[in-house]
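Down below is the structure, laid out as structure tokens.
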Amino acid sequence: MNFHFTNKKISGILTILPGNEVTFEDEMGNYNFSEAKSLKLKAAMGFNKKRIVKPGITISDLCLYGLNYLLDHNLLQKEDIDALILVTQSPDYIMPPTSNIIQGALGLKSDMLCMDINQGCAGYIVGLMQGFMLLDQPEIKKVVLMNADVLSPKVSKRDRNSNPLIGDAASITILERSNIATSITCALKMNGQGAFALQIPAGGAKLPNSPETAEMIEDANGNYRSKDHLVMKGDEVFNFVQTEVPPLIHEVFKLANITKEEIDYFMFHQPNRFMLQKLADKIGVSRDKMPSNIVENFGNSSSVTIPLAITFNIGNEIENKHYKLCLSGFGVGLTWSAMVLDIGPLEFCKQIDY
Amino acid sequence: MKAKIIEILTDIRSEFDFNEDVNFFQNGMLDSFDIVTLVTALDEEYKISIDGKDIIPDNFSSLNAIESLLSKYGAK
């Protein structure tokens, strides 16, 4: 499905990272593998260090910290916020929506919209699309898009498939109408038949948490996890991404009537370095134009990785310059998405530690 | 080429004899994460980039399968 937006823009991006850093070597002893084998995987996948929250910290803490930073620095005014969108798979509670909790904690006006969206790795683009659609409403002039996930407590520390790469983070993206004619093109696809390639089996209504779901079980590859933990069929996800994402990128280029050479940067979701480098080769773009350095520095924080790739790699430049970017998110759902847009100069594009 | 492939495989999983004519995955000699290390090493050794769609266990399940895959990319 294709989407087209005009006269909309991103005016600022802030990413919020937990100050707590853990290295691959800190946790290597947890895995049921030789040190040599783990280090080889580290090199290929780009595992190095990641940011994860201290126990008890949730996504609302990260989002509120970021929003208060923007308010305190006069980069955002409370009364200007007409909608709060929160994309997450780790809400504070099953009910109420965490976006409402954030609205209440900030003391925002009641004449506004709060909305939680359950999306993962493609959630930045899904959130942008939703925000741009809301901006077509006459009473909505500014949308605050929050992407946030704290999934580290949901990953088994003894699961070498997932634990080395999962990080926690949040981002805040400000969306507004643009006085300059802008054109944003987006392509999105979903395949629910692959929904269980990435899941947390227990904790919802189908399989509530219990002592049985908490039992640790060894898989065929020597990883230990319970049904309370995130499980990923890595080979299925890898092949899904390599098969489905490149055609979608070419499709969005065709829709936007541009060539890949016109793109300054390909800011893609950051599952691991290996997967991104293979994607760059397949799409036929320089690996330098597709940063793959987020997992090695911060971990994979689901829908936050695209804004984090922007703030980390071009945050300083984009406050003064204009870029044409291709964004792409892919994963949970299964969902895969791509967007071409012009961005910058931004009012702010930075990252802060919580 | 086979000798070089065996050298690379042995470097990844030194506890196994990759001269044996067996399915490396069915015999527990390689797992899906070993493929990542193996592809990275083969890409570097033969100056190629194995397409993501080819990174499936069948293409790495035996010496012949790996050799056949490398031939497809013009590796010598």
*Based on the mean of other beta carbon atoms within 10 Å per residue, what is the order of B:30-42, A:199-211, most packed first?*
B:30-42, A:199-211
*the stretch A:1-107: C-alpha pair distances exceeding 22 Å, %*: 54 percent
*What percent does the relative contact order of chain A come to when contacts are Cα pairs within less than 8 Å and at least six residues apart?*
27 percent
*For q = 0.10, 0.14 Å⁻¹, what log10 I(q)/I(0) does the stretch A:50-140 give under the Debye formula with an equal point scatterer on each alpha carbon and no solvent?*
-0.27, -0.54
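Evaluate the charge dipole of the stretch A:45-122 about its Cα centre and quote only its size in Debye, nearest 20, assuming +1 on the Cβ of each Lys and Arg and -1 on the Cβ of each Asp and Glu.
I would put it at about 520 debye.
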_Between 0 and 90°, nearest 10: helix B:2-12 axis offset from chain B longest Cα axis_ = 60 degrees
*Under DSSP H, which helices of chain A have Cα atoms covering 18 Å or more of the helix axis and a Kyte-Doolittle average no less than 0.5?*
A:59-72
*When all protein chains stay in place, what accessible area (Å², nearest 10, 1.4 Å probe) is found for A:Arg51?*
30 Å²
_Order A:His73, A:His229 by their accessible area, 1.4 angstrom probe, all chains in place, largest first._
A:His73, A:His229
*Pop a pseudo-label 7 angstrom from the Cα along the beta-carbon direction at both B:Asn64 and A:Glu261 and give the gap in nm to one decimal.*
4.5 nm
*List the accessible area buried at the contact between A and B, summed over both sides and calculated with a 1.4 Å probe, in Å² to the nearest 100.*
1600 Å²
*Provide a whole-number value for the mean count of partner chain Cβ atoms within 10 Å of the Cβ atoms in peptide A:34-40.*
4
*For chain A, with all protein chains present and a 1.4 Å probe, just round the carbon and sulfur fraction of the accessible area to a whole percent.*
50 percent
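Which value, in Å², gives the accessible area per residue of the stretch A:16-116 when a 1.4 Å probe is used on the protein heavy atoms?
Roughly 45 Å² per residue, with all protein chains present.
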*Can you give the Kirkwood hydrodynamic radius of chain B from its Cα pairs, in Å with one decimal?*
12.2 Å
_Positive end of the dipole of chain B, charges at C-beta (+1 Lys, Arg; -1 Asp, Glu), about the Cα centre: which of B:Ile48, B:Ile66, B:Leu38 has its Cα farthest in that direction?_
B:Ile48
_Convex hull per residue volume in Å³, alpha carbons only, for chain A_ = 132 Å³
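The values are calculated or read from the model by the stated rules, or taken from the named source; none is laboratory data. These numbers were taken from a predicted model, which means no experiment stands behind them. Using ideal geometry, Cβ is built from the backbone for each residue, glycine included, and neighbour counts are taken over all protein chains shown. Areas reflect the complete protein model, heavy atoms only, side chains present, ligands, DNA and RNA absent. Shrake-Rupley method; radii C 1.70, N 1.55, O 1.52, S 1.80 Å.
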